[in-house]
Amino acid sequence: MKRRVVITGMGAVTSLGLGAKNLWQAVKNGTSGISRIERIDVADLPTQVAAEIKDFDPHAFMGAKEIKRMDRFTQYAIAATQMALEDSCISSERIKEGKIGMIIGSGIGGLETLESQHHVLLEKGANRVSPFLIPMMLPNMAAGMAAIRYGIKGIVECVVTACATSANAIGDAYKIIQRNAADIMIAGGTEAPITRLAMAGFCANKAMTTNSDPSTASRPFDKERDGFVMGEGAGVLILEELNHALKRGANIIAEIVGYGCTNDAYHITAVTPNGEGAADCIRLALADAGLQPSDIQYINAHGTSTGLNDKAETAAIKSVFGEHAYQLAVSSTKSMTGHLMGAAGAIESILTAYAIKDSYLPPTINYRTADPECDLQYIPNYGKPGEITHALSNSFGFGGHNAVLIFKDYQ
């Protein structure tokens, strides 16, 4: 019999504020975290907006010496991990005594450090490059530094699958607990991609919006959508074996019951136009959970606000769910959070878990003009109450990576 896995804590750092509960409340209210970019010079870039974090103070979570040795993406991860552990009421003693591990991924890693040290190399010479360059830029360092900080000596890994990263991290952690290799897993993702180089690169491949109005820039499934909005931050969940959680009196937020993982094997950046790979991934997750398509009430869509992705995801949903697709509630919370790349799946898992717990369907904001090829119920502009027993979260990434998670109301 499979071991049951529940969520007992969540932490988040996003442009909508610190903490998973603050994130959820802002999303329920349909609040946008997208604004004009201030941290870097974007005068020569066609994209001028992002879901940029304005008020994060790393000193609230770590000392000055640690801060100097961590790229921004690692700082976000440490903060989200601390908040998740506090939310789960897991003591340092329990971490030392228990079977606990961690998977925190990042799609890009320490690009800000790489950029800054490249400037040092060009302007001051090789002997002035920081000895911390390599450890600060490595994508696995978020998990590594968190493991050092909290003394986690079990399975500690980093997943890198572009925008599917943190969904894969959560899914892999779920399977680790199921096979009895851990009782608790800390899982999620982190990203700090608002840098000159990253923004220029995504602008060059025409993936990002050129809409300069922050209030309407992210428009998933809307006919006028023209590209995604970059986001940054971190999301971390505490996954726990059910009996272990009950024994210590943990607060159970939701249960994870299914995970699917596939690859399109089609193109380095584009999804299959008919959503075939995504559809296969959804079917695998349903089979893993032992569910029928009709058992799902809500989908937190990948919904990037790009022309091809939104159309292909809609096609995938219709392929799997048939007529039930038109009864489903589907929304893209990226309309408010922006696209957090490697952290997107974790942030959207947090929001899906809260949607189940609070019986509330979060909206897709900025939806104005219907697209005939995107014709599902996208919960336009305003969220609404709705009973949810099972919900699904989609994450798809460059390289053809697909990851789907299924959550249920804990009974």
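Throughout, read-outs are computed from the coordinates displayed, never taken from laboratory work. Remember, predicted model here, so these are calculated numbers, not experimental data.
Please compute the Cα-Cα pair-distance distribution of the range 82-207 with 5 Å bins starting at 0, giving whole percents from short to long.
2, 11, 16, 18, 16, 12, 10, 7, 5, 2, 0
Give, in nm to one decimal, the length gained when the segment between residue 213 and residue 116 is fully stretched (0.36 nm per residue of separation minus the Cα-Cα distance).
So the chain would gain 32.0 nm between residue 213 and residue 116.
Helix-derived [θ] at 222 nm for the chain: sum -39500 (n - 2.57) over DSSP H runs of at least 4, divide by residue count, nearest 500?
-10500 deg cm²/dmol
Determine the distance separating the Cα centre of the range 314-334 from the Cα centre of the range 48-85; give it in Å without decimals.
Going from one Cα centre to the other spans 35 Å.
Mind telling me which of 349, 116, 393 comes out most flexible in a GNM of the chain, alpha-carbon contacts under 10 Å?
Ranking 349, 116, 393 by mean-square fluctuation puts 116 first.
Can you give the relative contact order of the range 277-346 as a percent, counting alpha carbon pairs under 8 Å and 6+ residues apart?
Working: 53 pairs, mean separation 26.9, N = 70.
Averaging sequence separation for qualifying contacts and normalising by length gives 38 percent for the range 277-346.
Mean Kyte-Doolittle of at least 0.0 plus a Cα span of 15 Å or more along the axis: flag which DSSP H helices in the chain meet both, please.
In the chain, the long hydrophobic H runs are 165-178, 276-289, 307-321, 344-358.
Using a 10 angstrom cutoff on alpha carbons, build the Gaussian network for the chain and name the most mobile of 166, 335, 359.
359
Let me know the volume per residue of the alpha-carbon convex hull for the range 133-174, in Å³.
Hull volume over Cα atoms, normalised by residue count, gives 73 Å³.
Of 234, 12, 64, which is the most mobile in a GNM of the chain whose springs link Cα atoms less than 10 angstrom apart?
Per the Cα network of the chain with a 10 Å cutoff, 64 tops the list.
With the Cα gyration tensor of the chain in hand, give its eigenvalues times 5 under a square root as the equivalent ellipsoid semi-axes, listed largest first in whole angstrom.
They are 30, 28, 18 Å, listed largest first.
Before anything else, pin down the relative contact order of the range 191-248: Cα pairs under 8 Å, at least 6 apart, normalised by residue count, whole percent.
The normalised contact order for the range 191-248 reaches 35 percent.
For residue 311, go through the lysines and keep the ones whose alpha-carbon is under 22 Å away, minus same-chain ones fewer than eight residues off.
Partners found: 206, 223, 334.
Of 28/96; 175/247; 175/384, which sit over 25 Å apart, Cα to Cα?
Working: 28/96 37 Å; 175/247 21 Å; 175/384 33 Å.
Over 25 Å apart, Cα to Cα: 28/96; 175/384.
Taking 8 Å as the Cα distance limit and 6 or more residues as the minimum spacing, I'd like the relative contact order of the chain as a percentage.
Once normalised by length, the contact order is 24 percent.
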